[in-house]
1. crowded, with 18+ Cβ neighbours inside 10 Å, over 28 Å from LEU223 (Cβ atoms) and not assigned by TED's automatic domain parsing to the domain that holds PRO235: does that describe VAL114?
2. If LEU253 satisfies every condition in (1) among the aliphatic types (A, V, I, L, M); (2) more than 29 Å from THR150 (Cβ to Cβ); (3) assigned by TED's automatic domain parsing to the domain that holds ILE162 but one, which is the exception?
3. Quickly run through the stretch 168-221 and pick out the residues that are under 26 Å from GLN275 (Cβ atoms), touching a helix residue (DSSP H, G or I) at 6+ places or on another chain (Cβ under 9 Å) and aliphatic (A, V, I, L, M).
4. Give all pairs with beta carbons closer than 8 Å in which a residue from the stretch 227-255 that is on the phi > 0 side of the Ramachandran plot meets a residue that is aliphatic (A, V, I, L, M) and modelled with pLDDT of 85 or more; count only pairs at least 6 apart in sequence or on separate chains.
5. Among the residues of the stretch 124-147, which ones are farther than 18 Å from GLU184 by Cβ and not in a helix (DSSP H, G or I)?
6. Can you spot a residue in the stretch 165-174 that is among the hydrophobic types (A, V, I, L, M, F, W, C) and touching a residue at least 60 places away in the same chain (Cβ under 8 Å)?
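The values are calculated or read from the model by the stated rules, or taken from the named source; none is laboratory data. All values derive from a computational prediction rather than experimental measurement. When we count neighbours, we look across all protein chains shown, and the Cβ atoms used for this are built from the backbone with ideal geometry, even at glycine.
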Amino acid sequence: MMAAAVAASAVSLAVARRITKGYVKSLERSLRHRAMDLDLPEPDDPAPSRMAQPNLNTQPMGGEKKESSLEAPAWLPPSVQQQWIDIMSGDRERIKSALTRGPALDRALIPIVVPLLRRRSVLDQATKALQAVVDRNVGQLSDFLLDPSTDVIVRCNLPSIIAAEGGKRAADALIDGLKDIHFEVRYQCGRALDSMRQSTGIEYDPEMLYAAIEKELATSPDLEHVFSLLGVVLPREPVRVAFEALGAGDARLRGLALEYLESALPPHISTRLLQIIDRPMPSTATRSVDSIRREFLDLISQGKSEDRRPDRV
């Protein structure tokens, strides 16, 4: 039995060594992201420490104040004072009602609504309320995103809201967010940039994005995140299929993907990326190799046809 255990351990070690660091990072990211989504029993969470209005009469969410002890600041417009009281009450149902049935959020209410993005029980309502006014508050929301003292969970939920603005100010904030020290914040900013490009067709400064990709590649990169960023710079579908091809377990298809990446990317990016992925990856494909190959070749062929169009000459 001892010999069998030793043999099993040796096999496990050999298998583990075949898994690239990038793949492991992808698994870690998925686990962290899933942990944030778990529907755990939720006591009223304490409010994040970052509050943009230093003189607001705020208190931790963990201890509800009686309505009689809540008084809206006198400087608030009368039309939003009750909304402020309901949001600050700590009571979930009152908060939901204030966010969904009350008027559109006044600028002065943004600092007390943003912290609600860490409370799963009111996350949807807070997200929709902020998205409804993001066009005139993108600067304030961007400040929360880029402020390292803002709660990390809040900052992970802000990129999709900021992306709803769809313009250059949103893009600039999200690209700045790619420099964050927390991987989850960078990951969500990358997803938001991808979403903006798909919904608006906005074009980003490729040099800024390549700088972010290069920084990711300098560490033990999460390949899913790296390829997501590549899909924001390059045509999205070929990049997506190339990533799938790398894990398809077929040497010829893998070679085709590597050739595409080497030809499409700047040399300093492709060299580092190919060094990282030029090792066997565990099979991650969910469809046949032939199916992936056909789609990949079709996409590349379409790209070449687009390049030959008269209006592109």
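1. yes
2. (3)
3. Correct list: ILE175, LEU178, LEU193, MET208, LEU209, ALA212, ILE213, LEU217, ALA218.
4. none
5. If the condition is that a residue be farther than 18 Å from GLU184 by Cβ and not in a helix (DSSP H, G or I), then ALA132, VAL133, ASN137 are the ones that fit.
6. no
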